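> Following this message is one structure expressed as structure tokens.
Each value in this text was obtained by applying a stated rule to the coordinates, not by laboratory testing. Quick caveat, the model's predicted, so the values are computed rather than measured. A quick note on method: Cβ atoms are made from the backbone with ideal geometry, for glycine too, and the neighbour counts reach across all protein chains shown.
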Amino acid sequence: MVAEVIINRGAKKLNRTFDYNIPKELEDLILVGSKVIVPFGKGEKQEEAFVVKLKEKSEFANKDIIKIEENLTDKQIELAKWMANRYFCNVSDCIKLMLTPGTRTKNKEKRIQDKIINTVYLKKDIEEIEFEIETKKIKSEKQIKILKFVKDNEGATIPEIEMFTDTSRAIVNTLIKNGYLEIVEKKVERNPLLFKDYKKTEKLQLTDEQQEAFEKVEKAIDENRFEQFLLYGVTGSGKTEVYLQLIQKVIEKEKTAIVLVPEISLTPQMLERFVSRFGKEDIAILHSKLSIGERHDEWEKIRNGDAKIVIGARSAIFAPLANVGIIIIDEEHDSSYKSETTPKYNAKEIAKKLAKENNIPLLLGSATPDLQTYYKATEKKINLLELTKRANNSSLPSVEIIDLKQELANGNRSMLSMELYSNIEENLKNKRQTILFLNRRGYSTFIMCRNCGYTVKCPNCNISLTYHSYERKLKCHYCGYEQNIVTVCPECKSDKIRYFGTGTQKLEQEIHKQFPNASTIRMDIDTVTKKNSHEEILNKFKNENIDILIGTQMVVKGHHFPNVTLVGVIAADSSLNIDDYRANERTFQILTQVAGRAGRENLPGKVIIQTYNPQSFAIQCSREQNYEKFYETEIALRKQLKYPPFCDIILIGFNSYNENEIRKVSNQMYEELQKELNALKNSQENEIKLFKPMPCPIDKIQNRYRWRIIIKGNMTEEINRILNNSLKNIYKQNIKDTRISIDVNPNNMS
């Protein structure tokens, strides 16, 4: 017997099959979908590979498979092949998404399976370690890599450190010997729900609108029929209760359910609702903030059939859950369902494919649906279900727009308008809570010399550094580079260095100054680096009745805080001024979602939106909480300008350390595509526009130059074939450094 395998490597030249003989003792064990170890290359180095086909014989098979590691199913392999073609990547890239977490091999210990383990912790204070790195006392890059990994993953095992840093046990032992690390024997209970205690809840009486929505999806469940539904409900309308009761229905039919949420910060609250209703035993959770061991054990729990409900972020769609009865995607408009790294898949597309194959309903829920999803609903391609009222009969909050130009004219240079200041003051007197939203972290967003105009930029990326006041550091939010603050201009030697723009740190400092007796808590990427920090911040705000929560977009979605009656949007223009055709849509979604955090119980809510563009239709529609009005205006613009959903935007990205090579490769790709696309007969319905290669708006990140080609047109099978062939042809040439990626309808156009 012979197996066709794909080597688990990212090189485009290896995105093909190789034949290996199957030893007699493995013939009954190896299946399509098996992960195996094979000798590969001149040195016969052992490599991971995936079996994609079995056959009787082959003239090319002259080596044997060494051993078998893990089995996937035929369906998973077929899905991986479909994804590789759809998202222009290697099959092995897609297969990796379906493997048990924490099972990388490459001649290292495969996984930690027992509960008593030796774990590694920092022995010295992190500040002392960082000082020694900065002063070059610790010079070894591998030692620094290990210390940074342990800082972010305290309690990891030595095999895990080896596995995920590509270092050796000897380097870990050196760090232990020198007093930087210590070994602690630990009994591990790797169940993320182990210490969660939630009060049992019973199902609620559905409103008439909820009941109608429930019955329509229930019918598809009973008839074992694929159908897509959009549950479009205003904030607080009780979408989650509909999810819970549909899942109860599925479980009664002895089936299972997948629930996707966009943000880790949403998982704790969603988890509380589900555990309270269904108990811990039937639920598995999957997201990136779990430890490697927890993810491994949750995956095994799902594979063994011990979980009936999987709740997780984007990658949970690949969980090995059997007999699925429904897939639910909450906050379906959220951009995090689209991966920005290879493979650049869309979890909503994967969910649709799986739902179709299993003849089950796919339910998408949102208060501000993705424009393309709502368009499909108006075209009757998706079944539209509407919830127009809040479930507890509470009113939507009143929304007031403040013109910051007028505030400046009145002499107010504070971050808070007079109206917002007085409302915060009133809220504090009444012991009510406030959320302040600012979608920029840090203290100042750029640093400039007022004498010569010099801007302090990252040396690795063509982007301004952000000042973080608590660490007194300038940081790059793209590559992580940081440096000490600048007091003298390196260009003109002037001391007229000024800090412009505002971030969450500066806002927090301003609140402390203006309301010294108010308790505050901040939630942004800088405060949620530790495990469970999302949950700790949200619980602290809710249970300790902290006065003011300051945060980025982490605070705007899905959270339910009964005592929040005021929401302030500090700068509504930050998302309005991005170089992207979806700027209006994203602004409307964010403002509507953040407004939905106010007045969710019987207390009236108020939202104050501060902006320099009060006449923007996105801001005006969010003030009215009027999605339909926004949709009609925006869809007319999209149709006129021919943007999605009336076409697809295909972005071909190039990045390289070599500026000459990237220019050459991108032009070669353009010429090849131009020739192929000109040969197509462009109808008026599918006119293809190919734009010349240009540097990206952010033209360098991590010292790699960035170029792009944009194509506008409908992504047909023929276009897909042309793009895949062009990619293969370019990689056949002598490209030394340039990497190429193709992204259909990308989240980020920069």
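> Collect residues whose amide H, placed 1.01 Å from N in the peptide plane, falls under 5 Å from the amide H of N71; neighbours closer than 5 in sequence don't count.
K35
> Suppose we take every Cα in the range 116-187 and form the convex hull; what volume per residue is that in Å³? Don't jump to the answer; show the numbers that get you there.
Numbers: hull volume 5.5 nm³, N = 72.
Hull volume normalised by residue count: 76 Å³.
> Let me ask something else about it. (1) 91, 81, 60; (2) 83, 71, 65; (3) 99, 62, 48: which one is Cα extents along the principal axes in Å as calculated from this entry?
(2)
> Can you tell which of V324, L244, A220 lies farthest toward the positive end of the dipole of the range 208-361, using +1 and -1 charges on the Cβ of basic and acidic side chains (Lys, Arg; Asp, Glu)?
Farthest towards the positive pole: V324.
> Taking the range 384-443, which trypsin sites (Lys or Arg not before Pro) meet the DSSP loop condition and have no more than 12 other C-beta atoms within 10 Å? The partial results should precede the final answer.
Working: sites: K389, R390, K405, R413, K429, K431, R432, R440, R441; in loops: K389, R390, R413, K431, R432, R440, R441.
Filter output for the range 384-443: R413, K431.
> Viscosity 0.692 mPa s, temperature 37 °C: what is the translational diffusion coefficient of the range 498-558 from Stokes-Einstein with a Kirkwood Rh over Cα pairs, rounded to a whole number of µm²/s?
Value of D from the Cα-based Kirkwood radius: 263 µm²/s.
> Further question on the same structure: Rank these for me by crowding, E254, E202, E160, E419, going from fewest to most other beta carbons within 10 Å.
E202, E254, E419, E160
> Dividing the Cα convex hull volume of the range 395-477 by residue count, how many Å³ per residue is that? Intermediate results must be reported in sequence, preceding the final value.
On the way: hull volume 14.7 nm³, N = 83.
Spread over its residues, the Cα hull of the range 395-477 gives 177 Å³ apiece.
> Report for the chain the percent antiparallel among DSSP-assigned beta bridges with both residues inside it, nearest 5.
Antiparallel bridges: around 55 percent, rounded to the nearest 5.
> Can you sort M554, M694 by how many other beta carbons sit within 10 Å, fewest first?
M694, M554
> For the chain, what is the calculated [θ] at 222 nm in deg cm²/dmol (nearest 500), taking -39500 (n - 2.57) for each run of four or more DSSP H residues and dividing by its residue count?
Rounded to the nearest 500, it is -10000 deg cm²/dmol.
> Here's a follow-up. Need the list of aspartates and glutamates near K530 for cross-linking: C-alpha distance under 15 angstrom, and skip anything on the same chain fewer than eight residues off.
D152, E154
> Let me ask something else about it. Which far-off residues, 5 or more places away or on another chain, put their amide H under 5 Å from the one on Y345, with H placed in the peptide plane?
S339
> Would you list, by chain and number, the aspartates and glutamates whose Cα falls below 17 Å from the Cα of K732, excluding same-chain residues fewer than 8 positions away?
E661, E671, E672
> In whole Å, largest first, what are the principal axis extents of the Cα atoms in the range 648-744?
Largest to smallest, the principal-axis extents are 41, 28, 17 Å.
> So, one more: Report the per residue volume, in Å³, of the convex hull enclosing the C-alpha atoms of the range 444-501. Present the calculation step by step, with values, prior to reporting the outcome.
Working: hull volume 4.3 nm³, N = 58.
Roughly 74 Å³ of hull volume per residue.
> So in the chain, which Cys have no other cysteine's beta-carbon sitting under 4.7 angstrom from theirs?
Lone cysteines by the Cβ rule: C89, C94, C479, C621, C647, C696.
> Based on Cβ point charges of +1 for Lys and Arg and -1 for Asp and Glu, what charge dipole magnitude is obtained for the chain about its Cα centre, in debye rounded to the nearest 20?
Taking the Cα centre of the chain as origin, the dipole is about 1660 debye.
> If you don't mind, there's one more thing I want to ask. When the Debye formula is applied to the Cα atoms of the range 208-361, each taken as the same point scatterer, what base-10 log of I(q)/I(0) results at q = 0.13 Å⁻¹?
-0.56
> Test of understanding: ordering L204, L246 by Cβ neighbours within 10 Å, fewest first, what list do you get?
Numbers: L204 13, L246 24.
Ranked by crowding around the Cβ, least crowded first: L204, L246.
> Still on this structure: Greater than 26 Å separation of Cα atoms is the criterion. Which listed pairs, K57/K728; K356/K380; K289/K381; K289/K376; K45/K148, meet it?
K57/K728; K289/K381; K289/K376; K45/K148
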